[in-house]
Every structure is written in structure tokens, then in C-alpha cells.
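Notes follow the structure.
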Amino acid sequence: MAVCARLCGVGQSRRCRRRQRQNQQDQGSDSDMDMDEEEEERIVGQTQAETGSGPRPSSAAAGPSVAHDAATECNRASVNRLEIGNCGGTGPPKPQSLLDLPPEILVEIFSTLPGTALPNLALVCKKFRQILNTETIWRRRCTDEFGMREDLRKMEVAGVSSKELYVKLLHPYRHILGLWQPDIGPYGGLLNVVVDGLFIIGWMYLPPHDPRVEDPMRRRPLFRIHMWENKKASVECMYGHKGPHKGDIQTGKKDEFSTKCNQTDHHRMPGGRQEEFRTWLEEEWGRTLEDIFHEHMQELILMKFIYTSQYDNCLTYRRIFLPPRLPSDLLAPGLFKGTYGSHGLEIVMLSFHGPWARATKLTGDPNVPAGQLTLNVDLRKSVRLPDLEQQRSVEELSRLVLGAHEEAQRESQQGAAADVEPSATQEAVEGAAGGSSPGSRSGPGPEDGACSEGSHSGSGAPPALEPQPFVLPLGVIARNEVYPRTCRMCFYGTGLIAGHGFTSPERTPGLFILFDQDRFGFIWLELKSFSLYSRLTDQLPHAHAPSMERFEAMLRNMQSWTS
């Protein structure tokens, strides 16, 4: 204990000194021990009388010098007094405040406090300030708050203490950790800022190459922050092919920050824009332009390169959250990558809002931009598929889906009961995404108990069924012919389509197919197209919404960015 106290720079604790004196003294007689105990009781009794923490002793209980010393010691600790127990009794005196605790116990207590509270704690007294220089405290803060473990040893070997790492790097940039959507016109994106090894790194998440929707996500570093130079936090731009170079990060509004590259010449290639385009195409699509035979698709790819490359990694990012999960959800909400025809793979966020399942685009295209509500599924209207032979008929699929669609239009026009009416937030989300399909208005949901043949209506989704055979109808185009051949449930829903530049947006009826907990699909009836969605399995810390209200407010903001 004495060794720990000396390491903390505050000397031995009072209890350690008392024990040392007792060990040095002879055992003595019983009468001497009784006299020591009586004197100790007089000191404690006088201390209680001065502080009001116990019964008042008589005036002859202790001499004036002893009482004065005890009162002075207690007054010195009155700034942060903490009663640990009753001071009476014949045992050794118990601590009257945090200042009386041994330094090793104070280190343990301070290690459990959040890092934001430690600067104020250092202002209490000199002893606290000295103890807060202990590396154990800051090492634990780096571990508990930011997940750093083995990397701390490397920093210490390099001469950077855990306290310097926390104070100069982790704490100042803690507000940019989590998920963000870059402001890149209709294309959007997904940025994940994490503590990665000895750096804070902003990883841009890119979908797999089209059409391999079930492949893992690709990651590209856009910036990093470290403390290798002069023990100061340095920001580096990672964009381009010439290695890290100087950059800057600016934080302004809440839940928003910007990146700036200070050496954009590092983004250029010797071969000019043609070489940059070929390199970008190989990374973005995994093929050359000659391999893409569809002329319209070539135009879309070239347009995206011209638009996105002009930013040179000087971007503004807005915070996004993962949706909260409720026990009533049909499947776990989260991020999915899906096929969107000639636009390639895009990332959507699936969330649940009472009887509605909604998929919001995180990445988009010139027709339907990022931030818009791409799918809106009514979980009160399940669709029962016929046998496999009839499933191959697109006419039979149209009959089932259009029947549910017409029923939804009738119920919307007639109005619905207040107990199943979508909230104002839900209506605002639908309205921002383009409203209902033509001829109907955005409004209340269907009445309880009202359902057509082959559909289910109620307050939520029906219980999950056993897997049943599934096959796409003939004439429905799928980017990926490898799709699940069994499904669990199907629901009527609408998908958002629009012309180039998000002109004339409208919601078109379709069929939502739940394959399993990690995959679902949607048949766009009007387009005769099928989209397959697969879950992102990456770990995304600092990303979950604090509440459903905060998440829905974020959705409204996302739609306003690109509407």
C-alpha cells in the first residue's frame, strides 16, 4: 500500500503510517494498550463534536491541542466530504472523506468515472490532481469508452501516454464517431468513423460489385487522424492513389462536420482524367467500360464519375442512426444492399413504424436520390402465393397485388378508424417520399378486419409461416438469377419510381417477399423488375438511435436534403 502511495506521488496514507508505528513499538502491557485506545476514542469523539457528526463529548474529553489538530484535518477535507460510516467504536478511525482513502482506492474510483468528469475533479485539490496523472485511469478510459486495448501498448512504446491520447485525440474527435451520410447530390453514401488501431479513420462503405448482392461490403478510407507527429492530432486525406496527405476536419452545426483536402494534386493521375476514370470504374464496378454493353448504363456510370469526382473529398457529412429494434418487428431492422437495375447496387435502411415497414435509401441515383423512401410495405396486408405453376404467371401475380392495391385505395378514400391511423410523423414521411400512388391520397390506414381475399389485415404482421416454395414469374427481370427459392411471408407494398432528376415521382404497387432474417425482395409490378436485398453484417459502433422519435426526425431530415 505504501508503495502504491509513493507511485501516485502523494506519500503514505495515514493508515499505513499508523500501522508502521505500531509494528515498530514493543507490545507493551495491557494497561498501555488501554491508554492508547482511550486516547484514540477522545480524538474521534472531539472530531465528531466539531463536525456535528456524532454525540457531543464533555469538555474534558480531550486536550485543546488534540482537538485542534483533529478539527483542522476535518476542515481541510470538508470540500468533498463523504461519510464512510460511524466514527465511534474502539477500532481504528474510519475515513471521513475521499481524501482519507488510500491512493490506490482513489485510482480505482476515478477510473470508473467518464473522462469528461475528470478535469473538474482535478480542480478539487492538489492530491486529486496528482492522482489523476496515473496512467491506469486514462488507460481504462481509452479502453471502456473507445475500445482501445493492445494498441495502447504501441502508443506507450512510441512515447505517447494514454492521457495524451485521450485528451488530444480521442476526446476532441469523439463527436464524429458513428455513421454519416455525405452530401453528394443524389448519390449519397455511407461513412463510418471509428477508432481503428492507432487512428480514427473515416471508412466509406461501398456496395459489392453488381450484381453480387450477397458479397461483403467494400471499404475505402477517406481520412484518418493520428498523433505520430509532435504528439499533436493530425488530419490526413486518404483520397487518391499517392498516399496520405494533409487534410482538415471542421465541426460546425450539431450532428454535422466537413472534410477538406489541402493537397488535391495528390488526387490526380499522370494519364489525366481518362486514367482516373478507368481506375474508378475498376474499383466501382469491377469491370471496364467495354464490358458494359448497355448504352444507357454506360451513360449513368459516366455521369456518376463526373459528378462525384468534382468534390475532391471536400464534403459535408450529416449524422444518421440505425433504427431501434422492437419485439414486434417482423425482422431485425438495419442496413441492406439491394439491386436497382441499371443503377447497380444501392444501400437502404429498413425500419418499422407500427404496421408499416419502410426502406429508405442511403445511396441513390439520378432518378430516386438518396434519402427518399424507396419501399413502403403495409404489414396488415399479407398476400398468399399460389402454387409454383401459378407463380410463374405474371398475370396471376398482377391479380393478387392489384387486388390489394385497389382495396388500399378504397380504404384510403373512405377513411379509417382512429386506432389504426398512421401518426403525423408517418404521414410526413410518406408525403416527403412522394405520397401515395396516383389517384389516392396519403392518409389513414385500412380499418381493422377489412381485408380482401388472400390478404391479412390487423394491427401488425401475422405470425411467421413455414417456408413455402417461391419462383419469379416469367417476364420479371432480375439482375441476379441466384435468389432464394423459398420464402416465409409476402406483403403488399409500394415502391417509389421517378423520371431523371426525380421528376414526376409516384408510388407503384408491388410485392414484398420475406425470405429470411437477412434477405428480402421486392417485385416492382409496373417495371416487371425484381430487387433482392441482403443484410449488411458489419459491426457499426456508435450508430444506434437514442430513441424512436430521434430516428424518425432523422428520416424527415434525410428526405428534405434531396427533395
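The values are calculated or read from the model by the stated rules, or taken from the named source; none is laboratory data. Worth saying up front: this structure is predicted, and the values here are computed from it rather than measured. Here the Cβ is made from the backbone with ideal geometry for all residues, glycine too, and neighbour counts use every protein chain on show. Ligands, DNA and RNA are stripped out before the accessible areas are found, and what is left, the full protein with its side chains, is counted by its heavy atoms. Shrake-Rupley method; radii C 1.70, N 1.55, O 1.52, S 1.80 Å.
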>> Taking amide H atoms as placed 1.01 Å from N in the peptide plane, list the residues 5 or more away in sequence, or in a different chain, whose amide H sits under 5 Å from that of R219.
In response: L206
> Which parts of the range 165-198 would a label at L123 reach, counting a residue when its backbone N lies under 20 Å from a point 7 Å out along Cα-to-Cβ?
Replying inline: 167-168, 171-172
> Label points 7 Å out from Cα along the Cβ direction at R220 and D265: separation in nm?
Replying inline: 2.3
> Under a plain spin-label model, where a point goes 7 Å from the Cα along Cα-to-Cβ, how far apart in nm are M303 and A332?
Replying inline: 3.7
> Put a dot 7 Å past each Cα toward the Cβ at K232 and T288; how far apart are the dots in nm?
Replying inline: 4.8
> Tell me, what % of the accessible area of the range 488-541 is carbon and sulfur with a 1.4 angstrom probe?
Replying inline: 48
> Can you pick out the pairs among K127/K163; K168/K253; K168/K260; K253/K337; K381/K528 whose Cα atoms lie more than 27 Å from each other?
Replying inline: K253/K337
> What is the Cα centroid distance between the range 207-248 and the range 283-353, reported in whole angstrom?
Replying inline: 18
> Residues of the range 114-261: accessible area per residue at 1.4 Å, in Å²?
Replying inline: 46
> For the range 460-563, which trypsin sites (Lys or Arg not before Pro) are both in a DSSP coil and crowded by at most 16 other Cβ atoms within 10 Å?
Replying inline: R485, K528
